[in-house]
1. At a 10 angstrom cut-off on C-beta neighbours, averaged per residue, how do the peptides 249-256, 186-193, 218-225 rank from highest to lowest?
2. Which order, highest average first, do 331-337, 282-288, 142-148 follow once you tally other Cβ atoms within 10 Å for each residue and take the mean per peptide?
3. Can you pull the one-decimal nm distance between simple spin-label points at K256 and I181, each 7 Å off the Cα toward Cβ?
4. Which whole-number value in Å² is the accessible area per residue of the range 210-347, probe 1.4 Å?
5. Computing the accessible area with a 1.4 Å probe over protein heavy atoms, can you report the carbon and sulfur percentage for the range 211-281?
6. Checking the table K134/K264; K213/K275; K184/K286; K143/K213; K256/K289; K145/K213 against a 30 Å threshold on Cα-Cα, which pairs fail?
7. How large is ³J(HN,Hα), in whole Hz, for each residue of the range 272-286 in order, when computed from phi with the Karplus curve 6.51 cos²θ - 1.76 cosθ + 1.60 and θ = phi - 60°, using x for Gly and Pro?
8. Kindly write out, for the range 246-262 in residue order, the coupling ³J(HN,Hα) from the Karplus curve 6.51 cos²θ - 1.76 cosθ + 1.60 (θ = phi - 60°), rounded to whole Hz, with x marking Gly and Pro.
Amino acid sequence: MEILGRHTDPNEKSKGKYVVIGLAGLLLAGGLYFGVTRILNNPTEKPKETVTTKKSQKEPKKTSANTKQSAKKSSEKKVKAKTKKTTESSKKKKTKESSTSKKQASSKKKTAAKTKKKTTGKLDAANLTKSAGKVYYGVHYFKNKQDFSSDNSESTIAANVIELFIMDYALAQKDGSDQVIQDKKLGEWLNPMIQQNDINATNVLIDHYGMDKLNAYFKDQGYPDTRIESRMVDINVRGTEKNNYTSLNDCMKLLKKIYDGREKEPQKTMVESLKGQVIRTKIPEKLPKDTTVANITGEQQNVENDIGLVLTEDNPFAIVVLTNEVSDIVQTRTAIADFSLAASKLK
């Protein structure tokens, strides 16, 4: 029997198809499994990342907390340091205040000692104050700076004492002593005015300089109670209500100025003129004859004044006595002389 070829069984063909399909299924299943596995594995890894992220987020918080704690500690240190500085500053301030208080206490003690020194001794002015209705007196010692005063300074009638203020103004002008007034040098008017109470000489100078200029000068120099309201008139024929005025304080201030500048002009000329005073019935009256006195008196109805410098070597002093409402001229002049003598003996 001739064999033409082998015939394929239909069942075998079906089997081959199934094998191919099976293999394809396996491959597809494997791929699907692999894919699913990858997909499923990724979500499980993400939480780890999330956890890591959370940890990393927590770390800044910790860092922030640490920073806050560090800042807090730093702030506490600063506060402590500041408190320490404040305490130290307060201690220093208290120490300084304590030192200042001690200095002030020491200063007060010194002042008290000086005050005590100034009030050492006693100058009896009882008779002087009884000698007239109004009495203003003062004594200033240049070496130990002691002062005795009635402490009642006020504007009162100056009488001829105003002439000392006029001399102060005249010598302060241009050319000083070399000024020529009515064909005479200034000194030829000043000496009679100061030493002899020559009212004619005084009136020449008042008219020459003018009351307004004189009064303005007195004010500028710090003599608020001193002013000229009228020309000088004879005390026995006084017929005007106007007067010329000064005060205890103004007179004492001018005397101190003259004494302090006695070695130079124009005060030197003023002292020399005052030393030539010929009316010696008050301040110089009872002093030793060799005592140098530079003074100017003032007399008017019910007025007895005398002011000047008592230039002793050991204890020079300035003295001012102004009185008003005088009823007994002799009694008042004697009281002034006694007061001056007592002042010269006080050490």
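The values are calculated or read from the model by the stated rules, or taken from the named source; none is laboratory data. What you see is a predicted model, and the numbers here were worked out from it, not measured in a lab. Cβ: placed from backbone, ideal geometry, glycine included. Neighbour counts: every protein chain shown. Note: accessible area is taken over every heavy atom of the protein model, side chains too, but ligands, DNA and RNA are not part of it. Shrake-Rupley method; radii C 1.70, N 1.55, O 1.52, S 1.80 Å.
1. On the way: 249-256: 21.5, 186-193: 19.8, 218-225: 15.1.
The peptides rank, most packed first, as 249-256, 186-193, 218-225.
2. Numbers: 331-337: 21.9, 282-288: 20.0, 142-148: 15.0.
Sorting 331-337, 282-288, 142-148 by mean packing, highest first, produces 331-337, 282-288, 142-148.
3. With each label point 7 Å from Cα toward Cβ, the separation is 2.8 nm.
4. Working: 6480 Å² over 138 residues.
Solvent-accessible surface per residue comes out at 47 Å².
5. Working: 1840 of 3940 Å².
Using a 1.4 Å probe with all protein chains present, the range 211-281 comes out at 47 percent carbon and sulfur.
6. Working: K134/K264 36 Å; K213/K275 27 Å; K184/K286 36 Å; K143/K213 35 Å; K256/K289 24 Å; K145/K213 34 Å.
The pairs that break the limit, which is 30 Å between Cα atoms, are K134/K264; K184/K286; K143/K213; K145/K213.
7. Per residue, the Karplus-derived 3J(HN,Hα) values read 5, 5, 5, 5, x, 4, 9, 8, 10, 8, 10, 3, x, 3, 9 Hz.
8. Once rounded to whole Hz, the list reads 7, 8, 4, 5, 4, 5, 5, 5, 5, 4, 5, 4, 5, 5, 4, x, 4.
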